[in-house]
Amino acid sequence: MSTLSSNVEALPFYQALTESGRSLLSQGVKYKHCDNADIVLRQGQQTSGAYMVLEGRLRVYSISPNGKEATLYCIERGETCVLALNCLFNDLLYPAWVEAEMDTQVMVISGHTYKQLFTQEASVQELTVRSLSTLVFRLMEELSHVHGQNNRQRLAHFLLIRASADGKLQMTQQQLAQHLGTRREVVARILAEFISQGYVATGRGQLHLLDTDGLRSCSTAQ
(Lines give C-alpha, C1' and ligand atoms only; values in the text may rest on other atoms or scores of the structure.)
Protein backbone atom coordinates (compact mmCIF):
# COMPACT_ATOMS: atom_id res chain seq x y z
CA MET A 1 0.00 0.00 0.00
CA SER A 2 1.34 3.46 -0.85
CA THR A 3 -0.25 5.17 2.15
CA LEU A 4 -0.77 4.04 5.71
CA SER A 5 -4.26 3.51 7.07
CA SER A 6 -5.77 5.93 9.57
CA ASN A 7 -5.37 3.21 12.21
CA VAL A 8 -1.59 3.36 11.77
CA GLU A 9 -1.46 7.13 11.75
CA ALA A 10 -3.29 7.24 15.08
CA LEU A 11 -0.66 5.15 16.85
CA PRO A 12 1.74 7.09 19.14
CA PHE A 13 4.88 5.49 17.71
CA TYR A 14 3.90 6.54 14.17
CA GLN A 15 3.12 10.11 15.21
CA ALA A 16 6.62 10.37 16.71
CA LEU A 17 8.37 9.14 13.56
CA THR A 18 10.46 11.55 11.51
CA GLU A 19 9.45 12.19 7.91
CA SER A 20 12.20 9.88 6.68
CA GLY A 21 11.01 7.24 9.15
CA ARG A 22 7.45 7.46 7.84
CA SER A 23 8.69 7.18 4.28
CA LEU A 24 10.78 4.13 5.14
CA LEU A 25 7.87 2.49 6.95
CA SER A 26 5.49 3.01 4.02
CA GLN A 27 7.89 1.14 1.72
CA GLY A 28 8.24 -1.91 3.96
CA VAL A 29 4.79 -2.57 5.40
CA LYS A 30 1.97 -4.95 4.55
CA TYR A 31 -1.50 -5.29 6.03
CA LYS A 32 -3.12 -8.56 7.00
CA HIS A 33 -6.78 -9.04 7.89
CA CYS A 34 -7.45 -12.00 10.16
CA ASP A 35 -10.88 -13.45 10.86
CA ASN A 36 -11.73 -14.76 14.31
CA ALA A 37 -9.76 -17.98 15.10
CA ASP A 38 -7.42 -17.55 12.10
CA ILE A 39 -3.89 -18.84 12.73
CA VAL A 40 -1.48 -15.95 12.16
CA LEU A 41 1.82 -17.65 13.05
CA ARG A 42 2.68 -21.31 13.54
CA GLN A 43 5.33 -22.88 15.72
CA GLY A 44 8.50 -23.43 13.69
CA GLN A 45 7.53 -20.79 11.12
CA GLN A 46 10.06 -18.25 9.90
CA THR A 47 8.83 -14.78 10.80
CA SER A 48 8.69 -12.25 7.99
CA GLY A 49 8.83 -9.16 10.18
CA ALA A 50 7.38 -7.32 13.14
CA TYR A 51 3.68 -7.90 13.81
CA MET A 52 1.63 -5.00 15.21
CA VAL A 53 -2.09 -5.09 15.99
CA LEU A 54 -4.07 -2.18 14.54
CA GLU A 55 -7.52 -3.42 15.53
CA GLY A 56 -8.66 -6.50 17.43
CA ARG A 57 -6.51 -8.88 19.48
CA LEU A 58 -4.06 -11.75 18.96
CA ARG A 59 -3.40 -14.61 21.37
CA VAL A 60 0.06 -16.15 21.66
CA TYR A 61 -0.01 -19.68 23.05
CA SER A 62 1.89 -22.95 23.34
CA ILE A 63 0.62 -26.51 22.87
CA SER A 64 1.82 -29.34 25.13
CA PRO A 65 2.52 -32.85 23.77
CA ASN A 66 -0.92 -33.97 25.01
CA GLY A 67 -2.59 -31.16 23.05
CA LYS A 68 -3.34 -28.81 25.97
CA GLU A 69 -3.08 -25.11 25.12
CA ALA A 70 -1.57 -22.50 27.43
CA THR A 71 -1.86 -18.78 26.71
CA LEU A 72 1.46 -16.94 26.99
CA TYR A 73 0.18 -13.42 26.38
CA CYS A 74 -2.17 -11.34 24.24
CA ILE A 75 -1.27 -8.60 21.77
CA GLU A 76 -3.67 -5.69 22.01
CA ARG A 77 -4.20 -2.68 19.73
CA GLY A 78 -0.98 -0.71 19.27
CA GLU A 79 1.20 -3.54 20.61
CA THR A 80 3.71 -5.71 18.81
CA CYS A 81 4.63 -9.38 19.24
CA VAL A 82 7.78 -9.66 21.34
CA LEU A 83 8.52 -13.25 20.32
CA ALA A 84 8.43 -12.22 16.66
CA LEU A 85 10.87 -9.38 17.41
CA ASN A 86 13.17 -11.82 19.19
CA CYS A 87 13.08 -14.14 16.17
CA LEU A 88 13.71 -11.20 13.89
CA PHE A 89 16.81 -9.91 15.69
CA ASN A 90 18.25 -13.35 16.50
CA ASP A 91 17.35 -15.26 13.31
CA LEU A 92 15.17 -17.83 15.09
CA LEU A 93 12.05 -19.77 14.13
CA TYR A 94 8.84 -18.76 15.87
CA PRO A 95 8.51 -20.82 19.12
CA ALA A 96 4.74 -20.65 19.68
CA TRP A 97 1.35 -20.24 17.98
CA VAL A 98 -0.62 -17.05 17.29
CA GLU A 99 -4.33 -16.81 16.53
CA ALA A 100 -6.82 -13.97 16.16
CA GLU A 101 -9.40 -13.82 18.95
CA MET A 102 -11.71 -11.61 16.90
CA ASP A 103 -11.62 -9.89 13.52
CA THR A 104 -8.15 -8.35 13.64
CA GLN A 105 -6.09 -6.07 11.43
CA VAL A 106 -2.34 -6.62 11.63
CA MET A 107 0.47 -4.51 10.24
CA VAL A 108 3.54 -6.53 9.27
CA ILE A 109 6.73 -4.48 9.02
CA SER A 110 9.43 -6.29 7.06
CA GLY A 111 12.44 -7.40 9.06
CA HIS A 112 14.85 -5.25 7.08
CA THR A 113 12.64 -2.18 7.50
CA TYR A 114 12.09 -2.69 11.23
CA LYS A 115 15.82 -3.07 11.86
CA GLN A 116 16.49 0.16 9.96
CA LEU A 117 13.77 1.98 11.89
CA PHE A 118 15.13 0.64 15.16
CA THR A 119 18.59 2.08 14.49
CA GLN A 120 17.35 5.56 13.58
CA GLU A 121 13.96 6.17 15.21
CA ALA A 122 13.64 6.79 18.95
CA SER A 123 9.91 5.93 18.91
CA VAL A 124 10.63 2.45 17.51
CA GLN A 125 13.32 1.89 20.12
CA GLU A 126 10.87 2.96 22.82
CA LEU A 127 8.14 0.72 21.39
CA THR A 128 10.50 -2.27 21.43
CA VAL A 129 11.69 -1.71 25.01
CA ARG A 130 8.16 -1.05 26.26
CA SER A 131 6.92 -4.23 24.60
CA LEU A 132 9.64 -6.26 26.31
CA SER A 133 8.98 -4.77 29.74
CA THR A 134 5.21 -5.20 29.37
CA LEU A 135 5.63 -8.84 28.41
CA VAL A 136 7.86 -9.58 31.41
CA PHE A 137 5.31 -7.96 33.73
CA ARG A 138 2.39 -9.89 32.25
CA LEU A 139 4.21 -13.22 32.38
CA MET A 140 5.26 -12.72 36.00
CA GLU A 141 1.73 -11.66 36.94
CA GLU A 142 0.24 -14.69 35.21
CA LEU A 143 2.70 -17.04 36.90
CA SER A 144 1.77 -15.69 40.32
CA HIS A 145 -1.91 -16.30 39.62
CA VAL A 146 -1.33 -19.78 38.20
CA HIS A 147 0.58 -20.86 41.29
CA GLY A 148 -1.47 -19.06 43.91
CA GLN A 149 -5.12 -18.98 42.81
CA ASN A 150 -7.90 -21.39 41.96
CA ASN A 151 -9.90 -21.19 38.72
CA ARG A 152 -12.66 -19.05 40.27
CA GLN A 153 -10.15 -16.47 41.50
CA ARG A 154 -8.21 -16.53 38.24
CA LEU A 155 -11.34 -16.05 36.11
CA ALA A 156 -12.53 -13.13 38.24
CA HIS A 157 -9.09 -11.52 37.99
CA PHE A 158 -8.89 -12.13 34.25
CA LEU A 159 -12.27 -10.46 33.65
CA LEU A 160 -11.22 -7.42 35.68
CA ILE A 161 -7.94 -6.83 33.86
CA ARG A 162 -9.16 -7.66 30.36
CA ALA A 163 -12.52 -5.86 30.22
CA SER A 164 -12.73 -2.53 28.41
CA ALA A 165 -13.42 0.75 30.19
CA ASP A 166 -17.17 0.22 29.76
CA GLY A 167 -16.96 -3.22 31.35
CA LYS A 168 -17.24 -5.31 28.19
CA LEU A 169 -15.11 -8.25 27.09
CA GLN A 170 -15.51 -9.90 23.68
CA MET A 171 -14.51 -13.48 24.41
CA THR A 172 -16.26 -16.84 24.26
CA GLN A 173 -16.24 -19.37 27.08
CA GLN A 174 -13.86 -21.52 25.03
CA GLN A 175 -11.44 -18.62 24.65
CA LEU A 176 -11.59 -17.94 28.38
CA ALA A 177 -10.88 -21.60 29.08
CA GLN A 178 -7.88 -21.52 26.75
CA HIS A 179 -6.47 -18.49 28.55
CA LEU A 180 -6.87 -20.13 31.95
CA GLY A 181 -5.63 -23.52 30.80
CA THR A 182 -8.82 -25.33 31.83
CA ARG A 183 -11.96 -26.83 30.26
CA ARG A 184 -14.86 -24.81 28.87
CA GLU A 185 -17.24 -26.64 31.25
CA VAL A 186 -15.27 -25.28 34.22
CA VAL A 187 -15.54 -21.72 32.91
CA ALA A 188 -19.26 -22.16 32.18
CA ARG A 189 -19.91 -23.34 35.76
CA ILE A 190 -18.03 -20.41 37.31
CA LEU A 191 -19.69 -17.89 35.00
CA ALA A 192 -23.09 -19.29 35.97
CA GLU A 193 -22.20 -18.52 39.59
CA PHE A 194 -21.10 -14.99 38.70
CA ILE A 195 -24.33 -14.43 36.78
CA SER A 196 -26.49 -15.66 39.66
CA GLN A 197 -24.64 -13.29 41.98
CA GLY A 198 -25.18 -10.36 39.61
CA TYR A 199 -21.48 -9.88 38.88
CA VAL A 200 -21.66 -10.35 35.09
CA ALA A 201 -24.12 -10.67 32.22
CA THR A 202 -23.42 -12.68 29.10
CA GLY A 203 -24.29 -12.28 25.45
CA ARG A 204 -23.23 -13.94 22.22
CA GLY A 205 -19.43 -14.08 22.51
CA GLN A 206 -19.42 -11.22 24.97
CA LEU A 207 -19.48 -10.56 28.70
CA HIS A 208 -20.51 -7.41 30.52
CA LEU A 209 -19.16 -6.70 34.01
CA LEU A 210 -21.97 -5.47 36.28
CA ASP A 211 -20.32 -5.55 39.71
CA THR A 212 -16.55 -5.08 39.66
CA ASP A 213 -16.38 -4.89 43.46
CA GLY A 214 -18.02 -8.31 43.65
CA LEU A 215 -15.57 -9.76 41.12
CA ARG A 216 -12.69 -8.16 42.97
CA SER A 217 -13.74 -9.86 46.18
CA CYS A 218 -13.85 -13.18 44.29
CA SER A 219 -10.34 -12.67 42.92
CA THR A 220 -8.87 -12.18 46.41
CA ALA A 221 -11.04 -14.52 48.50
CA GLN A 222 -9.22 -17.52 49.94
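The values are calculated or read from the model by the stated rules, or taken from the named source; none is laboratory data. Note that this is a predicted model, so its numbers are computed, not measured. Methodologically, a virtual Cβ is constructed for each residue, glycine included, from the backbone with ideal geometry; neighbour enumeration extends over all protein chains shown.
A few comments on the model shown:
- Checking 104, 71, 47 one by one, the residue that is touching a Cys at 6+ places or on another chain (Cβ under 6 Å) and at pLDDT below 90 is 47 and no other.
- Residue satisfying all of: in the stretch 164-210; acidic (Asp, Glu) and touching a helix residue (DSSP H, G or I) at 6+ places or on another chain (Cβ under 9 Å); nearest to residue 102 (Cα to Cα) among these: 185
- Scan of the stretch 75-87 for residues that are surrounded by fewer than 21 Cβ atoms within 10 Å (Cβ to Cβ), without any contact (Cβ under 8 Å) to a residue 40 or more places away in the chain and either not assigned by TED's automatic domain parsing to the domain that holds residue 52 or not in a helix (DSSP H, G or I) (or both), ordered by number: 76, 77
- For the stretch 88-119, residues that are surrounded by 15 or more Cβ atoms within 10 Å (Cβ to Cβ), in a helix (DSSP H, G or I), of a type outside the set (A, V, I, L, M) and touching a Gly at 6+ places or on another chain (Cβ under 9 Å) total 4.
- Breaking point among (1) free of Cβ contacts under 8 Å to residues at least 40 places away in the same chain; (2) under 30 Å from residue 6 (Cβ atoms), for residue 99: (1)
- Only one of the numbered conditions (1) in a helix (DSSP H, G or I); (2) touching a His at 6+ places or on another chain (Cβ under 6 Å) is violated by residue 201, and that is (1).
- Yes/no for residue 173 being at pLDDT 90 or above and not assigned by TED's automatic domain parsing to the domain that holds residue 14: yes
- One residue from 16, 50 being closer than 26 Å to residue 96 by Cα and surrounded by 14 or more Cβ atoms within 10 Å (Cβ to Cβ): 50
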